[in-house]
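Working notes for the structure below.
All of the numbers you see were taken from the coordinates with simple rules; none came from a lab. Model, not experiment: these values are computed from the prediction. Cβ placement follows ideal geometry from the backbone for every residue including glycine, while neighbour counts extend to all protein chains displayed.
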Amino acid sequence: MSRFLNDRLQALQAYVPGEQPKVQNLIKLNTNESPFPPAPGVADAVRDAAGSLQLYNDLSAAQLTALLADTYGLDKKQITVGNGSDELLAFAFQAFGEKGVVFPDITYGFYPVWANLYGIDAKIVALDENFNIRPGDYRGNDWCIVIANPNAPTGKALPLTELAQIVESNPDQVVIVDEAYVDFGAESALAFVPQYENVLVVRTFSKSRQLAGARLGFAMGHEQLIEDLNRVRYSFHPYNVNTLTQAAGAAALRQPEYFEACRQKVMDIREWTREQLLSLGFRVLDSKTNFLFAAAPGLAGKEYQEGLRQRNILIRYFDLPRIRDFTRITVGTQAQMEALIDVTKELLK
Ligand SMILES: Cc1ncc(COP(=O)(O)O)c(C=O)c1O
């Protein structure tokens, strides 16, 4: 730390992303990426778009936004795009979190980091003993609410009827619904967008659309909420989604069959893996995501993670209260998951 850093930031603990080692033969199940390549057509679209890189990108992302509007049945004024959904979530904290933000004790680790970065107060609400969100805990709250649905790292989804209770009991607060993993079997709050003016749905191309490295997210909500987000976006970095990423995103949206096939495969492999882990005596939470949150029998989360790491399999462990028995395992290809199960059997011997 230099002696010049602002006082307020000196205690800031930055978010710690999962490792990205460039080691051969590693089975990488630690950052919830897709195990499948980008959709056919993405590479060509990026190559074509590279021909105009001397120009600034289209800051309205017109083509991409029109395709998103088409895909999700909204008006383009109800959508904006970001450099990953992380950026849009950070914008939303700035735009709507002035009084404070509320989120569960076990959830996406970036929420407390943004709160600290922007000097926003955070109210942490405990999940119940089965890692469920209790909608009643959020009733009559006067701060902005952030719900990852499905939640991470638990993988559990909140039914839409229960999310509606949170939205309806907080009509004067924005409810940010982070749907990074929604395509793997959960109900989306997209249906709330025309109905409630206080719901902001944030999505990503990183998980179900095979574009984590392109950095593309989008937010959907009432036209005025989107205008507010764009006010922050245009005050920070209007060119936030570069030309190549816009082209990649548009090409991916033009391949709905590929999207469907990949997400279905991920869900099938997830259920196969879940069954295997259960039969080995693991505790495995119900997952509506592309990962499993699982506790090995007789092994602490850290021990299981380290055992796998020594055998070239990376999964994620969180050194946090309540979840030290657990690890988060990204769903990879069938072959990768078979390797995980084989190694796990050895570790449990
Ligand atoms: C719950 C949740 N929200 C948002 C993100 C960020 O995704 P992106 O790659 O779009 O920034 C992640 C990434 O892991 C996540 O787990």
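Computed 3J(HN,Hα) for the range 245-258, one whole-Hz value per residue from the Karplus formula 6.51 cos²θ - 1.76 cosθ + 1.60 where θ = phi - 60°, is 5, 4, 5, 4, x, 5, 5, 5, 5, 7, 10, x, 5, 5, glycine and proline marked x. In sequence order, the range 301-314 has phi-based couplings of x, 5, 5, 5, 4, 5, x, 5, 4, 5, 10, 6, 10, 9 Hz under the Karplus curve 6.51 cos²θ - 1.76 cosθ + 1.60, θ = phi - 60°, and Gly or Pro positions carry x. The share of Cα pairs per 10 Å bin across the chain, counted from zero up to the longest distance, runs 5, 24, 32, 26, 11, 1 percent. Under a 5 Å amide H cut-off, with hydrogens placed 1.01 Å from N, Leu292 pairs with Ile329, Thr330, Val331 among residues at least 5 apart or on other chains. Backbone phi angles across the range 20-30, fed through the Karplus curve with coefficients 6.51, -1.76 and 1.60 (θ = phi - 60°), yield HN-Hα couplings of 10, x, 9, 10, 6, 6, 8, 9, 9, 10, 10 Hz in residue order; Gly and Pro are listed as x. Estimated from the Cβ-Cβ distance and a Förster radius of 22 angstrom, the FRET efficiency linking Leu348 and Glu271 is about 0.55.
Hey, which of these cross-link pairs are over 29 Å Cα-Cα: Lys22/Lys265; Lys76/Lys123; Lys22/Lys156? Walk me through the numbers before you get to the answer.
Numbers: Lys22/Lys265 26 Å; Lys76/Lys123 33 Å; Lys22/Lys156 31 Å.
Among Lys22/Lys265; Lys76/Lys123; Lys22/Lys156, the Cα-Cα distance tops 29 Å for Lys76/Lys123; Lys22/Lys156.
Highest mobility in the GNM of the chain, judged by mean-square fluctuation with C-alpha springs under 10 Å and restricted to Arg203, Arg309, Arg328, is found for Arg309. Placing unit charges on the Cβ atoms of the charged side chains and taking the dipole of the range 141-209 about its Cα centre, the candidate lying farthest along the positive direction among Val201, Gly155, Ile145 is Gly155.
Under 10 Å, Cα contacts only: if you run a Gaussian network model on the chain, which one of Ser60, Ser235, Ser208 comes out with the highest mean-square fluctuation? Highest fluctuation of the listed residues: Ser235.
Taking the chain as a Gaussian network of alpha-carbon nodes connected by springs under 10 Å, the highest mean-square fluctuation of the residues Phe326, Phe318, Phe93 belongs to Phe318.
Near Val125, the amide H atoms lying under 5 Å from its own belong to Phe103, Asp105; only residues 5 or more places off or on other chains count, and H is placed 1.01 Å from N. Helical content of the chain, expressed as a calculated mean residue ellipticity at 222 nm, amounts to -11000 deg cm²/dmol (DSSP H runs of 4 or more residues, -39,500 (n - 2.57) each, divided by residue number, nearest 500).
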